[in-house]
Amino acid sequence: MKFFGLCCGLMIVLFSCKKEAATTVQSQLEGIWKHHSDQTHTVFLEIGADSKGYIEYYENNTFKSDTQPRKWLIKNNVLYFGWLSGKEEKFSIDLNPSTATFEFIKQYDTIEAGHRYIVLNGSFYVE
C-alpha cells in the first residue's frame, strides 16, 4: 500500500510538471533571436522548427561559448532550455513574437521596421 501511495505521488508530480515542445505550443517562436545585454555582450537563442536549439554567447562580436543542443520547452508562458534548466536558461515570455511597424531602440537593441522581436525576461530579442 505504501508503494502504491508513493507511485501515485510520483505520477502527480510528473504530470503537474509537464512541459511541451516550444514550437508545438507557439510555432512563431521558431527563429534565431539576438539580444545585446550591454555594449560588448550578445546572446543568440536558436529555436528550430522541431524545438531543438542552443544558446550562443559573444563578446565584442567574438564567439565565446555555446551550449549543447537541447529541446526548448514551454509551460505557463515560461520558455525553458531543456528539461532541467538553470537560472540563466529560463525565460519568462513577456511579449510573444511580434513584427515591428516602425524602428525603435530598446536598451542596446535596435528593432527595425518589419523585423520580428520578442520580449523575454524584460529584454528585447530581435530576429
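In the stretch 20-58, how many are at pLDDT below 95, of a type in the set (A, V, I, L, M, F, W, C) and touching a Phe, Trp or Tyr at 6+ places or on another chain (Cβ under 7 Å)?
Adding up the residues that qualify gives 1.
Restricting to the stretch 43-54, what's the tally of residues that are surrounded by fewer than 19 Cβ atoms within 10 Å (Cβ to Cβ) and under 18 Å from V126 (Cα atoms)?
Total satisfying the criteria: 6.
Please enumerate the residues belonging to the stretch 69-111 that are of a type in the set (D, E) and touching a strand residue (DSSP E or B) at 6+ places or on another chain (Cβ under 8 Å).
E89, D94, E103, D109
Might you check whether a residue that is closer than 18 Å to S51 by Cα and β-branched (V, I, T) occurs anywhere in the stretch 86-94?
Yes, there is a match, as at least one residue in the stretch 86-94 is closer than 18 Å to S51 by Cα and β-branched (V, I, T).
On the given criteria, is L95 within 16 Å of G122 (Cβ to Cβ) and among the aliphatic types (A, V, I, L, M)?
Considered against the rule, which asks whether it is within 16 Å of G122 (Cβ to Cβ) and among the aliphatic types (A, V, I, L, M), L95 comes out as yes.
Yes/no per residue for (1) over 17 Å from S27 (Cα atoms); (2) hydrophobic (A, V, I, L, M, F, W, C):
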| position | (1), (2) |
| --- | --- |
| P69 | yes, no |
| K90 | yes, no |
| N96 | no, no |
| A100 | yes, yes |
| Y117 | no, no |
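Test of understanding: among D50, D94, which residue is outside any loop (DSSP other than H, G, I, E, B), out of contact with any Cys (no Cβ under 7 Å at 6 or more places or on another chain) and touching a residue at least 24 places away in the same chain (Cβ under 8 Å)?
D94
Every residue in the stretch 58-86 that is assigned to a strand (DSSP E or B) and surrounded by 15 or more Cβ atoms within 10 Å (Cβ to Cβ), please.
Listed by number, the residues that qualify are Y58, R70, K71, W72, L73, I74, V78, L79, Y80, F81.
Could you run through the stretch 91-127 and say how many residues are farther than 16 Å from D38 by Cα, of a type outside the set (A, V, I, L, M) and either surrounded by 14 or more Cβ atoms within 10 Å (Cβ to Cβ) or more than 13 Å from the chain's Cα centre (by Cα) (or both)?
Number satisfying all stated conditions: 14.
The values are calculated or read from the model by the stated rules, or taken from the named source; none is laboratory data. Here the structure is a predicted model, which means the values were calculated and not measured. All Cβ positions, glycine included, derive from the backbone under ideal geometry; neighbour counts span all protein chains shown.
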